[in-house]
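The values are calculated or read from the model by the stated rules, or taken from the named source; none is laboratory data. Just so we're clear, the structure is a prediction, and the values are computed from it rather than from any experiment. All Cβ positions, glycine included, derive from the backbone under ideal geometry; neighbour counts span all protein chains shown.
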Amino acid sequence: MRLADKVAIVTGAGSGFGEGIATRFAAEGAKVVVNDVDSAHGERVAAAIRQAGGQATFVRADVSRGDDVKALLQATLAAYGRLDIQINNAGVSHRNQSMLTVPEDEFDRVYAVNVKSLYWTAQHMAPHFRDNGGGVFINIASTGGVRPRPGLVWYNGTKGAVIVTSRAMAVELAPHRIRVNVINPVAGDTPLLATFMGEDTPEIRAKFVSTIPLGRFSQPRDIANAALFLASDEADFITGACLEVDGGRCV
């Protein structure tokens, strides 16, 4: 098993990409802390992992809040005694619309969840990694941070920030054997899809898919497979990388 005896936190793991990552990591031997703000969904994912023979526990925390992230780490250490891998997957978006009509409170929430969460996990998880000989951050950004399009301006901005912040983190944390990498998914068939598209209709789905050379939306398994490689010891000389998992969308 590629993650045997590793401990991983996966934020936003109650659905979508996070659920896929948590499930795949557990199947590869990791002890997984399923994090989400939705307790029902998070508990469901953790229970499914345990039922399949894996090890998982659910911890509710809002990753935009420092005290919650501190408590998330403490709960992880109480459950498993260490942390090796931090997956920053939790994310939100405003609805696809003009940049001029997004309300300020939505703007603030998107930046708090998508960007400030990196600040808080760095503040709390990086010292733990440093003191224990190393660790891994994998931050889930988006193709929107590489090739932005109209309608998701402020969301795209957060993902650009995730990419640049992650690369800067990689350089600063490298002396402590802490690796930091980024995955850029294309739009996925997840609960956020309707928000990205503005409206979920067959016509709009076809329009979105037409921009992806391999001809389909991403699936949680696609992102999970990429995260598995970057989290594993097979990638122990990879840091500061941005991996597009996008079916050719950014070519």
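Before moving on, here are some points about what is shown:
- Segment 25-44, residues that are buried (at least 22 other Cβ atoms within 10 Å of the Cβ) and more than 19 Å from Val92 (Cα to Cα): Phe25, Ala26, Ala30, Lys31, Val32, Val33
- Screening segment 75-93 for residues that are in a helix (DSSP H, G or I) and in contact with a strand residue (DSSP E or B) (Cβ under 6 Å, 6 or more places away or on another chain) and picking the one that is surrounded by the fewest Cβ atoms within 10 Å (Cβ to Cβ) gives Ala79.
- Comparison of Thr76, Thr57, Thr101 shows that the only residue that is without any contact (Cβ under 8 Å) to a residue 12 or more places away in the chain, farther than 19 Å from Asp222 by Cβ and among the β-branched types (Val, Ile, Thr) is Thr101.
- For segment 61-70, filtering for residues that are surrounded by fewer than 23 Cβ atoms within 10 Å (Cβ to Cβ) and under 16 Å from the mean Cα position of the chain (by Cα) leaves 2.
- Cβ-Cβ distances below 9 Å connect the following pairs, each with a first residue in segment 194-207 that is without any contact (Cβ under 8 Å) to a residue 40 or more places away in the chain, a second residue that is part of a helix (DSSP H, G or I) and surrounded by 11 or more Cβ atoms within 10 Å (Cβ to Cβ), and a separation of six or more residues or different chains: Asp200/Leu193; Asp200/Ala194; Ile204/Met197; Arg205/Leu193; Arg205/Met197; Lys207/Met197.
- For segment 32-40, the criterion of being at pLDDT 95 or above and assigned to a helix (DSSP H, G or I) is met by at least one residue.
- Close pairs (9 angstrom Cβ cut-off, 6 or more residues apart or separate chains): part of a loop (DSSP other than H, G, I, E, B) in segment 210-227, among the basic types (Lys, Arg) anywhere: Thr211/Arg149; Thr211/Arg249; Ile212/Arg249; Pro213/Arg249; Leu214/Arg249; Phe217/Arg205
- Only listed residue being more than 22 Å from Asn181 (Cα to Cα), out of contact with any Gly (no Cβ under 9 Å at 6 or more places or on another chain) and at pLDDT 95 or above, chosen from Ala8, Ala61: Ala61
- Search result, residues across segment 199-250 that are modelled with pLDDT under 95 and more than 18 Å from Gly188 (Cβ to Cβ): Glu203
- Taken over segment 59-73, the criterion of being in contact with a His (Cβ under 9 Å, 6 or more places away or on another chain) and not charged (D, E, K, R) is satisfied by Gly66, Val69, Leu72, Leu73.
- Test: residue in segment 46-54 that is without any contact (Cβ under 8 Å) to a residue 12 or more places away in the chain and among the small types (Gly, Ala, Ser): yes
- Scope segment 205-251; condition in contact with a helix residue (DSSP H, G or I) (Cβ under 8 Å, 6 or more places away or on another chain), at positive phi and surrounded by fewer than 15 Cβ atoms within 10 Å (Cβ to Cβ); matching residues: Gly215
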